[in-house]
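What follows is one structure encoded as structure tokens, with my remarks underneath.
The values are calculated or read from the model by the stated rules, or taken from the named source; none is laboratory data. Since we're looking at a predicted model, the values are computed, not measured. We place every Cβ from the backbone using ideal geometry, glycine too, and count neighbours over all the protein chains shown.
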Amino acid sequence: MTWLVNDPSEFAKEMVAGFVSANAEIVRQVPGGVVRNTQSQHNTVAIVIGGGSGHYPAFAGLVGQGLAHGAAMGNLFASPSAQQICSVARAVNNGAGVLLAFGNYAGDVLHFGLARERLIAEGIPCELIAVTDDITSASREESEKRRGVAGDLVVFKAAAAAAERGDSLDQVLTVAREANARTRTIGVAFSGCTLPGAEQPLFSVPEGCMGFGMGIHGEPGIREIAVPTADQLADMLVEQLLNELPAGVSINGARVGAILNGLGSVKYEELFVLWQGIQRRLLAQGIVLADIQVGEFVTSFNMAGLSLTLAWFTEELEALWMAPAYSPAFKKGSVIFAAPLQVIVDGECQQQTLPEGSTQSREAAILVVAMVDALADVVIEHAAELGRIDAVAGDGDHGIGMERGVRAARDRAHYCLSLGAGAGTVLQQAADAWADKAGGTSGAIWGVILNTLGTGIGNQQRPDAASVAKAVNDAAHGVMHFGKAKLGDKTLVDVLLPFSETLLSEVNDGKTLALAWDCAARHADRCAKETAHLVPKMGRARPLAERSLGTPDAGAVSLALIVTALGQCLTSAANREKEGATCQSI
């Protein structure tokens with residue numbers, strides 16, 4: 001477990017502050033994460049990596065000359081928000097574009113995808129790559145669904161070295177894809193990790209057993225077996241990886257970079273015992289070990305586990321891997337001299353200004369804030385139940401994440417209203433606050449939903465039924481675009497799309513917004529219940545798909561609760577308007 005904790009909710013924040021203080025000559029903190037504290041070459045591509053905190057040295061420990069230019073850091077085991085990613089990317093942009101690189105998890109895919117679109121809209125060329133090295137997380141035929149684990153380092157290092165030598169953004173992306181395609185990892189776990197302040201591990205492994213193929217958050221692997229000897233485990237790891245060769249690779253004579261990674265509680269001495277067995281088996285196959293790394297590169301608090309990564313080098317990839325790098329947690333070759341960045345002077349970070357809204361829009365914002373209050377109340381009331389539903393086949397954090405998000409959204413909405421913001425701005429600001437605080441997949445999704453609604457409603461006109469219905473429909477399709485989910489995948493989309501389509505249809509038939517919303521909300525509730533008959537095809541619940549049969553999707557349930565609460569708010573507002581109240585209705 002984690003022993004040294006002050007306030008668990010402040011753990012990630014305090015951890016970052018301590019890390020930056022201890023490594024001030026290499027990194028500095030910016031909103032959303034950390035960046036190099038040294039000057040980079042002008043007009044070169046910047047590499048921004050990131051993910052949830054709690055996996056040090058991933059990701060902050062890999063920022064420095066020859067490696068990443070910056071790392072966006074989410075809360076514990078939660079992806080950074082699009083706003084955090086954009087903040088880091090802007091800080092490190094050298095003029096030739098930005099490559100966003102991250103592990104292939106649903107929340108990260110959503111947030112980094114959103115960040116890419118925002119950066120491009122701002123005039124910053126941007127590409128992204130999701131690392132997919134974990135061979136047990138999906139079949140060869142669905143390799144694009146595999147998780148990113150310790151193989152992240154190979155992709156980050158290759159991309160960064162290509163950027164350092166002056167490659168264009170397209171060329172750096174090509175290198176990163178090649179490194180990803182030629183990197184394979186398999187992991188095992190002996191016990192689970194315990195988050196700061198938690199009384200129980202996030203997951204468990206039966207006493208005396210080992211989870212073969214488990215992920216760094218406890219995602220299930222191939223099977224549970226009795227704990228083997230070190231040599232027996234070496235046999236299993238090598239056999240699995242040699243059965244997963246990249247296209248065109250011949251084992252005999254291949255040059256390989258090997259990474260034996262400890263996940264937290266398995267110590268260096270044990271790793272060395274295991275490595276000598278792994279090395280014998282690789283050499284016996286005629287493999288040339290071009291580089292060997294044994295240590296901690298991606299961890300998970302006190303998780304007892306390890307992983308083996310093999311990077312099958314081409315001549316170019318080997319040269320990029322061996323190129324000098326100097327970061328807090330990974331160093332290669334000679335020390336790279338770089339001048340320090342200038343100290344930030346007071347006044348450089350300007351206070352955010354809000355766009356001005358019309359009188360009508362500011363009046364509508366009063367009801368928008370009331371609706372944000374209503375959705376916050378219903379989520380907080382049902383947070384424990386949402387967590388219980390999510391724990392059936394997921395990691396059980398949906399209720400906690402949603403509660404964090406709605407509290408932040410509510411605070412930001414009230415703040416913006418106090419400044420006289422229009423309805424669209426209130427929603428967009430609430431969206432960013434929700435995504436920042438909640439992190440993870442739900443934070444990204446609700447960031448998309450509220451941002452799209454805010455954009456559609458705007459800050460000039462009083463929203464009417466048609467504009468609201470269209471904005472909701474746009475939000476549904478935006479979520480599907482970024483998250484790649486579709487009907488039947490057992491996600492929030494199984495409620496959001498039918499709700500939006502029903503709302504649009506009812507409004508087009510001439511119903512008022514309150515009546516149309518009520519009808520759509522009742523349909524949403526039915527759709528949420530029907531997800532109990534589905535099996536998940538995306539996210540962390542996918543490997544335990546059968547276990548979720550009979551239980552509705554937590555995201556679908558929370559959405560149904562929210563639209564029902566919002567419908568009641570709209571109905572109350574409509575009734576007050578009929579009674580001659582001065583409160584304006586959307």
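In the set (1) loosely packed, with under 15 Cβ neighbours inside 10 Å; (2) in contact with a helix residue (DSSP H, G or I) (Cβ under 8 Å, 6 or more places away or on another chain), Glu219 fails one condition alone, (1). Hey, does segment 413-420 have a residue that's in a helix (DSSP H, G or I), within 28 Å of Asp553 (Cβ to Cβ) and small (Gly, Ala, Ser)? Yes, segment 413-420 has at least one match.
For segment 136-160: of the residues being basic (Lys, Arg) and assigned to a helix (DSSP H, G or I), which is surrounded by the fewest Cβ atoms within 10 Å (Cβ to Cβ)? Let's see the steps before the verdict.
Start the filter on segment 136-160 by keeping residues that are basic (Lys, Arg), which leaves 140, 145-147, 157.
After this cut, where a residue has to be assigned to a helix (DSSP H, G or I) as well, the list is 140, 145, 157.
Numbers: Arg140: 9, Lys145: 15, Lys157: 28.
Filtering first and then ranking leaves Arg140.
Residues of segment 453-484 that are of a type in the set (D, E, K, R) and outside any helix (DSSP H, G or I): Arg462, Asp464, Lys484. Among the residues of this structure, Leu386 does not count as one that is farther than 21 Å from Pro552 by Cα, in contact (Cβ under 8 Å) with a residue 40 or more places away in the chain, assigned to a helix (DSSP H, G or I) and not assigned by TED's automatic domain parsing to the domain that holds Leu110. Taking (1) part of a helix (DSSP H, G or I); (2) of a type in the set (Gly, Ala, Ser); (3) modelled with pLDDT under 95 in turn, Gly539 satisfies each apart from (1). Each residue in segment 248-281 was checked for being more than 19 Å from Gly295 (Cα to Cα), free of Cβ contacts under 8 Å to residues at least 40 places away in the same chain and in contact with a helix residue (DSSP H, G or I) (Cβ under 9 Å, 6 or more places away or on another chain), and 1 pass. What residue, among those in segment 470-511 that are at pLDDT 95 or above and of a type in the set (Val, Ile, Thr), is surrounded by the most Cβ atoms within 10 Å (Cβ to Cβ)? Looking at the filtered set, the residue picked out is Val495. Within segment 80-95, residues that are in the same structural domain as Leu67 (by TED's automatic domain parsing) reach partners that are among the basic types (Lys, Arg) and modelled with pLDDT under 95 with beta carbons closer than 6 Å, at six or more positions or on different chains, in the pairs Cys86/Arg118. Looking at the structure I just gave you, is Ala130 more than 30 Å from Asp235 (Cβ to Cβ) and either surrounded by 24 or more Cβ atoms within 10 Å (Cβ to Cβ) or in contact (Cβ under 8 Å) with a residue 60 or more places away in the chain (or both)? In short, no.
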